[in-house]
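What follows is calculated from the coordinates using simple rules that are stated; it is not laboratory data. Here the structure is a predicted model, which is why all the values come from computation and not from measurement. Cβ sites come from the backbone with ideal geometry, for glycine too, and all protein chains shown count toward neighbours.
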Amino acid sequence: MFLASHAALRLALATYRGTPAHELAFETGSGGRPELAWSSGAPPIRFNLTHTPGLFAVSLTRRVACGVDAERLSTRAVDDSLLSAVLSPLELARLDTLARNEATAAFHRLWTRKEAVLKALGLGLKVDPRCVLVGDEDELAFVNDPTVEPRSRTGWQVRTFQPTPDHVVSVAIGSVTEALRPLLIELEPTFEAARRLD
Ligand SMILES: CC(C)(COP(=O)(O)OP(=O)(O)OC[C@H]1O[C@@H](n2cnc3c(N)ncnc32)[C@H](O)[C@@H]1OP(=O)(O)O)[C@@H](O)C(=O)NCCC(=O)NCCS
């Protein structure tokens, strides 16, 4: 999965950048996020990568930051200590109103939405996920954390998809106007099938 995801990322970047894959150079941002090496300002193509058993996902944008997170769905109830470490009091209260299996699915959805924003910020779990307010639906996210610079706290568009019965994927981009166009490429059982998610 690791090798396949990195190969797919390189091929996608090479295609959109118009550069042979072996000539792509990468650097790591201060928060740890990999980026295309670029002399000044944001690179023309931004990307992010996620992998989880059975699926990987890549997000690509022109200039604006992006983040993607995938989780394998589980029916196992989520531990209370994890819930309270990740969700805001309002999100916890909302989950409390749901039946157990619905609450578990809602948690995975919320978690990928939060992590997609944190990865788009490039800070990952250095920011408290409870501060990332994402809502349940395809709506805008807000990072309510004073340690994050003010202009990075708003303007995040997040969309969530269920590409397989077992996986949930969320994508965040630092633009409220650009469209998110997901493309699912099934690597198994053949390498040929590709279909749009919506
Ligand atoms: C980045 C982070 C969110 C990854 O989460 P994850 O669910 O384990 O992994 P995912 O599969 O979704 O993403 C991994 C990919 O994200 C990318 N990535 C790495 N650091 C990143 C960052 N700071 N921001 C955005 N993307 C990052 C890489 O491409 C990585 O793929 P690779 O390891 O194959 O190169 C998490 O490791 C993190 O928060 N790291 C930074 C803070 C930190 O080190 N905290 C220590 C633990 S509290």
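Here are the numbers for the structure shown:
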item: Simple Cβ-charge dipole of region 2-196, Lys/Arg +1 and Asp/Glu -1, about Cα centre, in debye nearest 20; result: 460 debye
item: Inter-part distance where region 131-169 and region 1-53 are each reduced to a Cα centre, Å; result: 22 Å
item: Relative contact order (percent, whole number), region 2-196, Cα cutoff 8 Å, 6+ residue spacing; result: 17 percent
item: Ellipticity estimate at 222 nm from DSSP helix runs (n ≥ 4, -39,500 (n - 2.57)) divided over the chain, nearest 500; result: -8500 deg cm²/dmol
item: Among LEU95, HIS167, PRO129 the positive-end extreme of the charge dipole of region 65-198 (Cβ point charges); result: PRO129
item: Simple spin-label estimate for ARG62 and SER175 in nanometres, 7 Å along Cα-Cβ; result: 0.7 nm
item: For the chain, fraction of C-alpha pairs farther apart than 22 Å, in %; result: 48 percent
item: Convex hull volume per residue in cubic angstrom - Cα atoms of region 135-181; result: 79 Å³
item: Calculated over region 1-83: convex hull of Cα atoms, volume per residue (Å³); result: 119 Å³
item: Residue-span extension gain [ALA77 to GLU139] - 0.36 nm each, minus C-alpha spacing; result: 19.7 nm
item: Extreme residue, positive dipole direction of the chain, given options PRO150, LEU60, SER39 (C-beta unit charges); result: SER39
